[in-house]
Amino acid sequence: MIKVGCCGWAKSQKEYFENFPVIELQQTFYKLPDLRTAQKWRKKAPKDFEFTLKASQLITHPPSSPTYKKAGLKIEEKKDRYGFFRPTEEVFRAFEETSEIAKALNARIIVFQCPASFKPSEENKENLRIFFQEIPRDDFIFVWEPRGDWNEEEIRSLCQELNLSHCVDPFKGKSVWGEILYLRLHGIGGYSYKYSDEELQKLAEMVKGEERMVYVMFNNTNMFEDALRFSQYVAI
């Protein structure tokens, strides 16, 4: 089965629900919403609609990231205790709060997107191991999107060891491990991008025939229209 959606609402919730079966929430990355807000979204959505969500940046990104400023987060005194999966009370609390939102949405997929500055150092690898071995799994599927200098063997080994699904942009690489195939499309050459019909046809050929559950999530300026067009190709 192939599910197509967007990373973010892109349109009004009503219009989105009418066109797609799944959304990846981005708000949860910048600043977690109130639990009642998540419960309201779940109640408004169709019964069979699926939420996935991006894990809090407090887990994956250091406070030097511009995304902290964008979210209005000011962390000065304990800035060395956030991001990069550091085994700190603050990071584990951020996951606990992320998982509470996920449960309110009946979401089973949590996406951990890392910045390119999260490199394959021994310290970072060990932080990954400690984090994913200690947090409760609770039937979640954890999706990991590494960026930067990671090679396929390093990614495959860690995903296999820690039961993670490797996320990629399919026009930039291939997924090397996972219970599901979770693809995030960031635009060829950048966020301000509209996919051509030929590119969407090529993408459809990539995912058709997959035995795993497939998620194709668009994350570009033209995401709503591109995802709609792509849905037609995979429906053929």
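Points to keep in mind about this one:
- 14 Å reach of a label modelled at E198, 7 Å along Cα-to-Cβ, counting backbone N of the range 212-236: none
- Helix axis angle, 152-162 relative to the chain longest principal axis, alpha carbon, degrees: 70 degrees
- The longest part of the chain holding none of the exposed loop GluC sites (Glu not before Pro), meaning those outside H, G, I, E and B in DSSP with at most 13 other Cβ atoms within 10 Å, is 78-209.
- Per DSSP, loop trypsin sites (Lys or Arg not before Pro) in the range 1-89 with at most 16 further Cβ within 10 Å: K11, K31, K47, K74, K78
- For the chain, the longest principal axis of the Cα atoms and the long axis of helix 223-235 meet at an angle of about 60 degrees.
- Working from Cα pairs under 8 Å separated by at least six residues, relative contact order for the chain is 20 percent.
- Spacing of the modelled spin labels on Y30 and E100, each 7 Å from Cα toward Cβ, amounts to 2.2 nm.
- Backbone N within the range 81-107 under 14 Å of label point (7 Å from E134 Cα along the Cβ vector): 81-96
- Summary of the geometry: the range 4-60 and the range 140-154, compared by the centres of their Cα atoms, lie 23 Å apart.
Every number here is computed from the coordinates shown, using simple stated rules; none is lab data. Computed from a prediction, not measured in an experiment: that's the story for all the values here. Every residue, glycine among them, receives a Cβ derived from its backbone with ideal geometry; neighbour counts consider all protein chains shown.
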